[in-house]
Amino acid sequence: MQRRDFITLSSLGLLGFCACGTSNIMSNRKSFAIQLYTIRDAISDNLEKALERLAGLGFNQIEIYGYDGKFFGKSRTEFQNILKNVGLKVVSSHHTTGIIHKDKGTLLNDWEKTVEDLDFIGSKYMVCSYLFEEERTLENYKKLPDLLNKSGEVTRKAGIDFAYHNHDFEFGKLDENNTIYDFILDSTSFDLVKMELDLYWISKAGFDPLMYFEKYPGRFPLWHVKDMKAETKDFAEIGNGTIDFKRIFAAKEKAGLKYWFLEQDSSNIDMFESIKISKKYIEKNAFFQNNP
């Protein structure tokens with residue numbers, strides 16, 4: 001941090017939100033977490049600067065994406081040093097299956113090394129983030145629980161929990177009696193496969209998160225928290241849309257919530273301004289993490 005920035009932050013009473021990794025204040029304030037996909041454009045421009053901006057806004061926990069043998073083009077040691085410098089901790093990481101796109105960092109390609117690297121940087125969770133459209137076949141859906149269970153077995157050996165992240169297509173019918181999402185929940189191990197519930201996508205699909213908390217208590221330790229516009233059902237800042245977060249957060253114990261991540265896939269204003277709007281609503285309603 002530059003001296004002039006230190007003076008400016010001090011005069012504004014914002015030093016506790018600085019990006020200085022050596023600050024003891026970091027351990028004494030509320031935890032805020034964000035999925036880095038939200039600021040992917042800024043990350044592409046300058047990784048460290050983007051992370052410093054998040055830390056400056058008060059975030060200290062992140063969920064990452066895009067591991068391909070490196071972290072945003074950095075070795076695990078380089079990335080860990082950046083995290084320490086800006087005062088951020090990785091809580092979770094997103095990974096695709098590798099069924100179609102056979103890249104490093106996917107469930108089916110060099111998964112053991114992926115887990116080793118995520119363990120090195122201290123991640124607590126690894127998440128199957130997405131099924132590409134060409135992967136969404138009945139054959140692949142039927143095979144998916146076994147792949148998720150096996151992936152969870154590997155992460156568990158490293159002390160990392162494994163989870164599955166939904167979009168809206170999982171709430172389509174697999175057969176007469178099941179949605180794809182229910183099939184995944186019913187066909188995977190409670191101990192090996194948790195759920196990262198995306199509150200936007202389940203709401204857009206027309207389903208109630210609380211119904212799932214009742215049916216599968218303790219299965220949802222991770223959430224993505226983002227809002228939905230009334231007219232277009234597009235992404236909105238938290239508190240500016242139609243999702244009743246107070247009702248959902250009131251059921252967090254039943255869900256088994258441990259960590260949740262602010263996320264916004266797109267915005268019609270500057271993304272960091274959108275983040276500020278969402279964070280203000282979060283603070284007003286005290287939607288803080290269970291585990292700072």
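The values are calculated or read from the model by the stated rules, or taken from the named source; none is laboratory data. Worth saying up front: this structure is predicted, and the values here are computed from it rather than measured. Quick reminder, even Gly has a Cβ in these numbers, built from the backbone with ideal geometry, and neighbours come from all protein chains shown.
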Requested in this report: Take the residues in region 122-139 that are hydroxyl-bearing (Ser, Thr, Tyr) and in contact (Cβ under 8 Å) with a residue 24 or more places away in the chain, then tell me which one is farthest from residue 78 (Cα to Cα).
Outcome: 130
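Here is a yes/no grid of residues against (1) in contact with a strand residue (DSSP E or B) (Cβ under 8 Å, 6 or more places away or on another chain); (2) under 24 Å from residue 225 (Cβ atoms):
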{"residue": "43", "(1), (2)": "no, yes"}
{"residue": "49", "(1), (2)": "no, no"}
{"residue": "52", "(1), (2)": "no, yes"}
{"residue": "64", "(1), (2)": "yes, yes"}
{"residue": "69", "(1), (2)": "no, no"}
{"residue": "73", "(1), (2)": "no, no"}
**Report entry** region 149-204: number of residues that are farther than 25 Å from residue 262 by Cα and of a type in the set (Gly, Ala, Ser)
**Finding:** 5
Query raised in the report: residue 155 fails exactly one of the following numbered conditions: (1) buried (at least 21 other Cβ atoms within 10 Å of the Cβ); (2) touching a Pro at 6+ places or on another chain (Cβ under 9 Å). What is the number of that condition?
Result: (2)
Requested in this report: Could you please find all residues in region 104-121 being in contact (Cβ under 8 Å) with a residue 40 or more places away in the chain and either touching a His at 6+ places or on another chain (Cβ under 9 Å) or not acidic (Asp, Glu) (or both)?
Outcome: 107, 111, 113, 114, 115, 118, 120, 121
**Report entry** Single residue of 100, 160, 180 found to be farther than 23 Å from residue 197 by Cα, in contact with a Phe, Trp or Tyr (Cβ under 9 Å, 6 or more places away or on another chain) and without any contact (Cβ under 8 Å) to a residue 60 or more places away in the chain
**Finding:** 100
Query raised in the report: Does region 137-160 contain any residue that is under 30 Å from residue 281 (Cβ atoms) and within 21 Å of the chain's Cα centre (by Cα)?
Result: no
Query raised in the report: Within region 245-252, is there a residue that is in contact with a Ser or Thr (Cβ under 7 Å, 6 or more places away or on another chain) and either assigned to a loop (DSSP other than H, G, I, E, B) or surrounded by fewer than 19 Cβ atoms within 10 Å (Cβ to Cβ) (or both)?
Result: no
Report task. Taking residue 161 as the residue in question, decide whether it is within 17 Å of residue 93 (Cα to Cα), touching a strand residue (DSSP E or B) at 6+ places or on another chain (Cβ under 8 Å) and not hydroxyl-bearing (Ser, Thr, Tyr). Result -> yes
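Residues are listed down the side, and each one gets a yes or a no for (1) of a type in the set (A, V, I, L, M); (2) out of contact with any helix residue (DSSP H, G or I) (no Cβ under 8 Å at 6 or more places or on another chain):
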| site | (1), (2) |
| --- | --- |
| 90 | yes, no |
| 95 | no, no |
| 150 | no, yes |
| 184 | yes, no |
Report task. Working carefully through the options 153, 139, 134, find the one that is part of a helix (DSSP H, G or I) and either at pLDDT below 95 or closer than 21 Å to residue 191 by Cβ (or both). Result -> 153
Requested in this report: Could you please let me know if residue 180 is in contact with a Gly (Cβ under 7 Å, 6 or more places away or on another chain) and either buried (at least 18 other Cβ atoms within 10 Å of the Cβ) or modelled with pLDDT of 95 or more (or both)?
Outcome: yes
Query - Residue within region 219-230 that is in a loop (DSSP other than H, G, I, E, B), of a type in the set (Asp, Glu) and under 26 Å from residue 40 (Cβ atoms) present - result: no
Report summary line: Contact list, first residue from region 206-219 and without any contact (Cβ under 8 Å) to a residue 40 or more places away in the chain, second anywhere and in a helix (DSSP H, G or I) and of a type outside the set (Lys, Arg), beta-carbon distance below 6 Å, six or more apart or interchain, is 207/171; 216/185
Report task. Output yes when any residue across region 174-189 is within 20 Å of the chain's Cα centre (by Cα), aliphatic (A, V, I, L, M), closer than 26 Å to residue 246 by Cβ and part of a strand (DSSP E or B), and no when none is. Result -> no
**Report entry** Every residue from region 27-51 that is over 17 Å from residue 67 (Cβ atoms) and touching a Gly at 6+ places or on another chain (Cβ under 9 Å)
**Finding:** 28, 29, 30, 32
